[in-house]
1. For the stretch 166-184, what are the residues that are buried (at least 18 other Cβ atoms within 10 Å of the Cβ) and closer than 17 Å to Gly107 by Cα?
2. Anything in the stretch 66-111 that is at pLDDT 90 or above, outside any helix (DSSP H, G or I) and polar (S, T, N, Q)? List them, or say none.
3. What pairs come up if the first residue lies in the stretch 57-82 and is closer than 16 Å to Ala10 by Cα, the second is part of a loop (DSSP other than H, G, I, E, B), and their beta carbons are under 7 Å apart, counting only those six or more places apart or on different chains?
4. Quick one: in the stretch 159-189, which of the residues that are closer than 18 Å to Arg200 by Cβ, outside any strand (DSSP E or B) and of a type in the set (Gly, Ala, Ser) is modelled with the lowest pLDDT?
5. When you check Trp146 against the structure, is it surrounded by fewer than 18 Cβ atoms within 10 Å (Cβ to Cβ) and at pLDDT below 75, yes or no?
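The values are calculated or read from the model by the stated rules, or taken from the named source; none is laboratory data. From a predicted model like this one, the values you see are computed outputs, not experimental measurements. Counting neighbours? That spans all protein chains shown, and the Cβs are built from the backbone with ideal geometry, glycine included.
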Amino acid sequence: MAWLRVRLNAVTRERADQFADVLAINGALAVSFYGDDGGEVLEPDPGELHLWQSVVLEALFQAEVNVEGIRTLVRTAGFEVLQLDFLGDDDWSIHGTPTDDVLDFGGLSVVGRHVSPDDEEGVIRLDPGLAFGTGRHTTTALCLRWLGEADLRDQRVLDYGCGSGVLAIGAAKRGAKRVVAFDHDPQALSACRDNAAYNRVVVEVGATAETCVKG
């Protein structure tokens, strides 16, 4: 599958927040914010606050989107298109940097789908797609390490804001009797379902919090 990437000029954070919602309504699958230093915020650390004076917006659409319609939308809102290009499904500027690393969290480890670790026990094979969650962020890593040491037999686990599903899959790998995952982002739900199926674990993926906690 091909994707359309559109990068817009720097504006105030408030304007960027507002227009990000407009882009999402008009078909953007993901919207990234970049600071003046080029850094991208994927998931801030707890208590961390970014005070950029201006940010650059980058939006990702399916390739079939009406390109001229997006250009018109951007111009009408007073933005300028700095970059517009098409990316292939194997472009790692979408999926993240490929790695042969094995991320070890005690009883669990995270690898890319193309990696063949020596021991398959507790291995989570992951393709994050457009969803957050690879095990490299500090809070995710801490959760994975806790899961790797926990006895989850006869336990129920809710992964609220599941992203790629890495924590839900980890809980299932550790023997939880029921694992439920929820996210407000449809792309995250899709990635979670796909990763759970690839890892051959049962994760109930719900579109609303209410459907997740029933039962």
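1. Val166, Leu167, Ala168, Ile169, Gly170, Ala171, Ala172, Lys173, Arg174, Ala176
2. Asn66
3. Within 7 Å, the pairs are Ala59/Ala28; Phe79/Asn9; Glu80/Asn9; Leu82/Asn9.
4. Ser164
5. No: the conditions fail for Trp146.
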